[in-house]
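Below is one structure, written out as structure tokens, with a few remarks after it.
The values are calculated or read from the model by the stated rules, or taken from the named source; none is laboratory data. Source: prediction; values computed, not measured. Note that we place each Cβ from the backbone using ideal geometry, even for glycine, and neighbour counts take in every protein chain shown. Surface accessibility is based on the protein's heavy atoms, side chains included, excluding ligands, DNA and RNA. Shrake-Rupley method; radii C 1.70, N 1.55, O 1.52, S 1.80 Å.
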Amino acid sequence: MLSPVSGVAGSRIRDFHCVYYGKEYMECTWEPGLVQPPNSQHYLYYWHREMDETKECPEYIVLPEGRRGCRFPRESLLEFSKFNLCVNGSSPAGSLRTAYFSVEVQNHVKPAVVSSVHVSEIDGELKLDWSPPSGQVPEHCLEYEVESSTSMENGKEKQEKMVLQNLEDTSYGVPREVESQKTCFRIRSKVNMYCADGGFWSDWSQTKCTDKETQYIPKWTYLGLVGLVVIGIAGVIILCLSLWILKKICIKKINKKNALYTLYKEKVNETMPTILSPIFK
């Protein structure tokens with residue numbers, strides 16, 4: 001390979017950076033040098049300690065102006081090890097100056113957007129629930145930042161940010177401001193310090209809001225609803241049992257009445273003349 005100082009002056013690439021999206025694939029991008037000869041072409045090569053030889057970029061990111069990056073599938077990456085990259089190039093005016101980089105890919109993770117954000121209110125407390133981002137980042141490796149914006153009755157805005165670590169579940173609760181009219185939340189995530197030395201915050205989630213007119217259900221109301229359900233079920237059981245007992249009593253009375261009538265007919269037929277017996281059949 002050519003040394004970094006050889007090639008067209010000012011042609012070395014700039015603003016090189018890599019992002020490992022959700023631990024599913026990594027993109028490394030760059031800007032051309034200050035001097036970009038016509039019909040220039042860039043090339044990227046990479047290697048790490050488990051590779052037998054240097055390989056060229058598996059998938060270039062191509063813009064109308066030319067190659068501006070490389071996309072690496074998860075299978076080509078190695079975490080907690082030096083991932084070495086070299087970008088050089090050629091042009092009719094001569095070779096482009098070479099740039100070398102070395103990264104640790106686990107420190108360049110950007111999680112996907114947090115999804116399924118839901119805001120509820122129970123007994124004067126606002127509760128924010130969400131689902132972890134998609135991708136290959138383990139849930140225990142994530143920390144979250146919650147941003148809230150509250151509109152007060154006096155027209156002022158109150159904004160707060162809170163970083164949440166070591167969560168047992170993906171939820172967060174705060175007391176509702178007494179004079180608040182509307183509170184909005186959004187959330188983003190990042191790999192925590194226990195799983196990497198660095199990383200990028202995800203994009204913000206969709207904003208979810210609650211307002212003063214929102215009807216909430218106090219905790220005691222939940223207990224009342226449960227009690228009503230239990231009473232309703234018990235009432236249905238008692239009604240069904242009562243109908244069953246009444247049916248049994250009616251059947252017994254009807255059977256007893258039929259038995260007496262049959263016995264009466266038998267006695268009449270024994271005492272009446274034969275010519276009258278059809279009347280009592």
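Values as computed for the structure displayed
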| quantity | calculated |
| --- | --- |
| Cα-based Lys proximity count in the stretch 1-160, under 23 Å, for pairs eight or more positions apart or on separate chains | 7 |
| Principal axis dimensions, largest first and in whole angstrom, of the stretch 68-205 by Cα | 69, 34, 22 |
| Percent of alpha-carbon pairs separated by more than 28 Å within the stretch 1-146 | 35 |
| Residue-span extension gain [residue 84 to residue 113] - 0.36 nm each, minus C-alpha spacing | 7.6 nm |
| Listed residue (34, 47, 17) projecting farthest to the positive dipole end of the stretch 14-67, Cβ model | 34 |
| Spacing of the two label points (7 Å from each Cα toward its C-beta) at residue 192 and residue 9, in nm | 5.3 |
| Charge dipole (the stretch 63-188, unit charges on Cβ, about Cα centre) - positive-most of 106, 181, 133 | 106 |
| Portion, in percent, of the accessible area of the stretch 86-204 that falls on carbon or sulfur, probe 1.4 Å | 44 |
| Hz values of 3J(HN,Hα) by residue in the stretch 74-90 - Karplus curve (6.51, -1.76, 1.60), Gly and Pro given as x | 4, 5, 8, 9, 9, 7, 6, 7, 5, 10, 9, 9, 9, 10, 10, x, 9 |
| FRET efficiency estimate (nearest 0.05) - Cβ-Cβ, residue 158 to residue 53, R0 51 angstrom | 0.30 |
| Förster-model FRET efficiency, 35 Å R0, residue 233 and residue 24, C-beta, rounded to 0.05 | 0.10 |
| Diffusion constant of the stretch 70-125 at 4 °C, which comes from Stokes-Einstein with the Kirkwood Cα-pair radius and 1.567 mPa s, µm²/s | 81 |
| Average silhouette area of the stretch 1-65, convex hull of alpha-carbon atoms, in square nanometres | 5.9 |
| Other-chain or far-sequence residues with amide H under 5 Å of residue 11's (modelled H) | 35, 97 |
| Proximal aspartates and glutamates to residue 182, defined as alpha-carbon separation beneath 18 angstrom and excluding residues fewer than eight positions away on the same chain | 121, 123, 125, 129, 147, 153, 157, 160, 211, 213 |
